[in-house]
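Working notes, structure below.
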Amino acid sequence: MSNEPNPEGFRFAAVEKRKFVHYNEQILFSVPERQIQMKSMLRHLASGSPDPLETTDPSSFFSRLPVIETESLTLRPMRMRDAEDIFRYASDPEVSRYVLWEPHRSISDSRAYIRYIRHLYRRGMPSSWAVVLRSSSEVIGSIGFMGYSYVHHTAEIGYSFSRNYWNLGYATQAAGAVIQTAFRSLPDLNRIEAQHDIRNPASGRVMLKCGMKQEGIIRSRIYNKSEFVDVALYAILRSDLAE
């Protein structure tokens, strides 16, 4: 689903802390997965190979998200001073209509969301970029990682954009840049997924334009806003880039 400006997000990080770390109501890292990653790192060190944290470790990437430039946009880590711009679009009920979060009720919600995202940066967990329109320096949306699996080498991305900038190609620019950056920066990453409420086909068109392929409809995949929702699943593989 789309990226979640969720002021309550930090609450999920504490749920089932002994077993899982949660972000945006999805499982990211299980304890066995983290143990597998640590064993891999130790093998690299024992063999005299370069420090894997400098080359392949996703947590290193997530803790220092790179600045990404596209034709019209700059994707950068979020800052506290972005709160007003984020509140401007996150308070719009139409923007949150098909995603898992509720409209922000005050700028305090937006500040809490940014604090949560910055907390994820510090912990090296999947998180989001602010999407900045270069011509005005306005934050017009967010895009990032909903989850990452060390075991399956799979990531999920999501995004939200101000309604004032829908249908202008910005979501496609941003998503395409994130996909390219992720495959280039994370050598072990094999698959990137995205999903959307089937009542929001515009999001699916963005995914297709970025080279993703629709893999099917998952019935009643999520329970959102008091109803079960069918979602369309899309994915792109590293091997697809060569086609």
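Listing for the model above:
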{"quantity": "Pairs of Cα atoms farther than 15 Å apart, the range 101-174, %", "calculated": "63"}
{"quantity": "³J(HN,Hα) computed for each position of the range 130-141 - Karplus, 6.51 cos²θ - 1.76 cosθ + 1.60, integer Hz, glycine/proline x", "calculated": "7, 9, 10, 6, 5, 5, 10, 6, 8, 7, 10, x"}
{"quantity": "Theoretical FRET efficiency, 1/(1+(r/R0)^6), r = Cβ-Cβ of residue 228 and residue 153, R0 30 Å, to 0.05", "calculated": "0.50"}
{"quantity": "Packing-based ranking, highest mean first, of 122-135, 221-234, 181-194 given that Cβ atoms within 10 Å are counted", "calculated": "122-135, 181-194, 221-234"}
{"quantity": "Kirkwood-Stokes translational diffusion coefficient of the range 157-209, alpha-carbon pairs, 10 °C, 1.306 mPa s, µm²/s", "calculated": "132"}
{"quantity": "Rotationally averaged projected area of the range 86-243 (alpha carbon convex hull; nm²)", "calculated": "10.0"}
{"quantity": "Alpha-carbon gyration tensor eigenvalues x 5, square-rooted, for the range 198-243, Å", "calculated": "25, 11, 7"}
{"quantity": "Per-residue ³J(HN,Hα) for the range 222-229, Karplus 6.51 cos²θ - 1.76 cosθ + 1.60, θ = phi - 60°, Hz, x for Gly and Pro", "calculated": "9, 10, 9, 6, 6, 8, 7, 10"}
{"quantity": "Sum of side-chain charges, residue 75 neighbourhood, beta-carbon under 11 Å (Lys, Arg +1; Asp, Glu -1)", "calculated": "+1"}
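Every number in this text was worked out from the coordinates using simple rules, so none of it is lab data. No experiment lies behind these values; they were computed from the predicted model shown. Note that we place each Cβ from the backbone using ideal geometry, even for glycine, and neighbour counts take in every protein chain shown.
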